[in-house]
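These notes are about the structure you will find just below.
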Amino acid sequence: MYNATSKLSNGIEIPNLGLGTWLLNNEQAEQALKDAVSLGYRHIDTAQAYMNEEGVGKGIRTCGAAREELFITTKVAAEAKTFFTVTQSIDESLAKLSVDYIDLLIIHSPQPWVEFRGEKRYFEENKEVWKALEAAYKAGKVKAIGLSNFLQDDIENILTSCEIKPMVNQILAHVGNTPWELIDFCQKNDILVEAYSPIAHGAVLNHAEIKAIADKYGVSVAQLCLRYDIQLGLVVLPKTANPDHMRNNAELDFVISDADMEILKNIEPIQNYGEHSFFPVFGGKLS
């Protein structure tokens with residue numbers, strides 16, 4: 001089981017491999033968490049928008065691991081853009097998860113999903129949202145705070161007025177879609193980058209060139225893609241409810257050579273995610 005950790009800017013340790021729970025209902029999320037913990041996972045990622053925090057909470061209570069051994073992330077709904085609604089939503093998440101604190105709380109998106117990457121940027125609103133996260137952090141409700149899907153100017157907007165700097169930015173980053181400038185900006189500002197959908201929703205699994213490199217290391221394409229992100233200094237959050245996939249995803253104790261990393265860095269960008277092409281926005285909610 002790969003169990004390396006990274007250190008956030010406030011000194012908190014975060015496991016480099018987490019389990020994503022997007023598209024899992026409460027029951028599936030509870031079972032996935034229990035299966036993952038039994039395999040050695042300690043980092044679980046959920047969100048208000050996934051509507052499975054209660055299931056994750058049940059899993060936390062019944063998985064057999066002590067609460068302090070687990071690293072639980074949830075995300076403030078992208079539509080919550082006032083201090084009051086965010087403060088209320090944080091308390092709701094704590095209640096649904098049935099925990100005294102959340103390890104990492106992040107803003108799910110700079111804009112509501114129906115306006116994702118639209119013209120209205122919500123700069124002022126996001127400053128208010130951030131103030132609510134800072135207040136929760138100071139109150140001990142959350143151990144770390146961060147962002148998700150924020151572009152460089154979205155992050156700069158927070159940095160101009162924050163008391164506590166964002167510790168994380170969770171973004172789409174995988175072989176065939178690696179936003180180099182954004183990753184570099186985050187890392188230079190001591191903001192850890194987390195990669196969601198690190199296996200590109202499966203769109204890379206039948207890619208001949210990637211498959212050939214995976215075969216060379218005797219690993220699966222999924223393992224190669226996860227290791228690629230880890231070697232870029234990212235935390236990875238593969239989503240699965242399948243214990244066999246969880247086990248496979250956790251076997252990452254190999255090293256991709258510099259030459260092969262260069263090939264992977266230059267893989268032609270993936271244009272079509274097949275059945276997941278609705279990504280990143282669907283019906284107002286998303287990973």
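Here the calculated FRET efficiency for Glu69 and Glu163, from their Cβ-Cβ distance with R0 = 22 Å, stands at 0.15, rounded to the nearest 0.05.
Considering only the other residues whose Cβ falls under 12 Å of the Cβ of Leu8, what net charge follows from Lys and Arg at +1 and Asp and Glu at -1? Show your work: numbers first, answer last.
Working: positive: Lys7, Lys143, Lys165; negative: Glu13, Asp103, Asp190, Glu194.
Taking every Cβ under 12 Å from that of Leu8, the sum is -1.
Summarising the amide proton neighbourhood of Val193: residues at separation of 5 or more, or on other chains, whose placed amide H is nearer than 5 Å comprise Asn169, Val235.
For Leu237, neighbours were defined as the other residues whose beta-carbon sits under 10 Å from its Cβ, and their charges (Lys and Arg +1, Asp and Glu -1) total -2. If R0 is 30 Å, the Cβ-Cβ spacing of Gln271 and Asp184 corresponds to a FRET efficiency of close to 0.80. Under a 5 Å amide H cut-off, with hydrogens placed 1.01 Å from N, Ile102 pairs with Val142, Lys143 among residues at least 5 apart or on other chains. The gain in end-to-end length when the Val255 to Asn10 segment is fully stretched comes to 85.4 nm, 0.36 nm per residue minus the alpha carbon separation.
Rounded to the nearest Hz, the phi-derived 3J(HN,Hα) couplings of segment 245-251 under the Karplus curve 6.51 cos²θ - 1.76 cosθ + 1.60 (θ = phi - 60°) are 5, 4, 5, 4, 5, 8, 9, where x marks glycine and proline.
With contacts taken as Cα pairs under 8 Å and at least 6 residues apart, segment 134-287 reaches a relative contact order of 21 percent.
Model label points for Arg117 and Leu205, set 7 angstrom from Cα along the Cα-to-Cβ axis, are 2.4 nm apart. If I take R0 = 35 Å and measure r between the Cβ atoms of Ala135 and Arg247 in this structure, what FRET efficiency does the formula 1/(1 + (r/R0)^6) give, to the nearest 0.05? Plugging the Cβ-Cβ distance into 1/(1 + (r/R0)^6) gives 0.30. Checking [x] 53, 44, 37; [y] 58, 50, 33; [z] 62, 43, 39 against Cα extents along the principal axes in Å calculated from these atoms, the matching label is [x]. Scanning the chain for trypsin sites (Lys or Arg not before Pro) lying in DSSP loops with no more than 14 further Cβ atoms inside 10 Å, the longest uninterrupted stretch between such sites is 121-287.
Loop sites by DSSP among the GluC sites (Glu not before Pro) of the chain, restricted to those with at most 10 other Cβ atoms within 10 angstrom, leave 164-287 as the longest stretch without any of them.
So what is the calculated 222 nm ellipticity per residue for the chain, using -39500 (n - 2.57) for each DSSP H run with n of 4 or more, over all residues, to the nearest 500 deg cm²/dmol? Write out the running numbers ahead of the final one.
Details: 10 runs with 108 residues, N = 287.
-11500 deg cm²/dmol, from helical runs alone.
Helix 83-97 and the long axis of the chain differ in direction by around 60°, with both axes built from C-alpha atoms. Between Met51 and Asn25, the contour length at 0.36 nm per residue exceeds the alpha carbon distance by 8.7 nm. Rounded to the nearest 10 degrees, the angle from helix 208-217 to the longest Cα principal axis of the chain is 80 degrees.
In this structure, the residue pairs whose Cα-Cα separation is over 27 Å, taken from Lys165/Lys265; Lys75/Lys127; Lys143/Lys239; Lys143/Lys265; Lys81/Lys138; Lys34/Lys216, are Lys165/Lys265; Lys143/Lys265; Lys34/Lys216.
The amide H of Thr240, built 1.01 Å from its N in the peptide plane, has Gly20 as neighbours under 5 Å, considering only residues 5 or more places off or on other chains.
Throughout, read-outs are computed from the coordinates displayed, never taken from laboratory work. Predicted model, so just to flag it, every value in this text is computed and none were measured. Here the Cβ is made from the backbone with ideal geometry for all residues, glycine too, and neighbour counts use every protein chain on show.
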